[in-house]
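Everything below concerns the one structure shown next.
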């Protein structure tokens, strides 16, 4: 019995580390095209399941609010005309106490209309002191753009990105 080995290499960034997956099977099975297609479909599915899902960006510090909160924005944004979609992070100088514990960081997905200097929060995530997302709030569902003070976290994002 002769075995065939196929090595599939997934480059850095597609799986947690550079990864090689080996497929071993009998040569008699190799001629079966349906089996080969299933093997590569399985490899693709495995790659998707193990892929690290993220914005794949780095946080860029914008500064601090008058309250002392550190404001950062992802260095990757999606731009479509005057509209920018991104994520902003607000590291609180003082934890906010809730009935479920303390919140130390807030992240928000938002859209910025650079031509009107307005912002529209999409979704907000509240993080506890362990870094776990305790609550996700769908703020608006993609409708209203509002003006913000220049020294607020959203105002700082507008000033930096537009």
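All of the numbers you see were taken from the coordinates with simple rules; none came from a lab. In this text, all values refer to a predicted model and were calculated from it rather than measured experimentally. Because the Cβ atoms are built from the backbone with ideal geometry, glycine has one as well, and the counts that use them run over all protein chains shown.
For the reader, a short list of remarks on this structure follows.
- Look at (1) touching a helix residue (DSSP H, G or I) at 6+ places or on another chain (Cβ under 7 Å); (2) within 15 Å of residue 70 (Cα to Cα) and you find that residue 127 fails only one, number (1).
- Residue within the stretch 91-105 that is buried (at least 16 other Cβ atoms within 10 Å of the Cβ), in contact (Cβ under 8 Å) with a residue 60 or more places away in the chain and within 19 Å of residue 121 (Cα to Cα) present: no
- Condition broken by residue 130, with the remaining ones in (1) assigned to a strand (DSSP E or B); (2) without any contact (Cβ under 8 Å) to a residue 12 or more places away in the chain; (3) farther than 23 Å from residue 159 by Cβ satisfied: (1)
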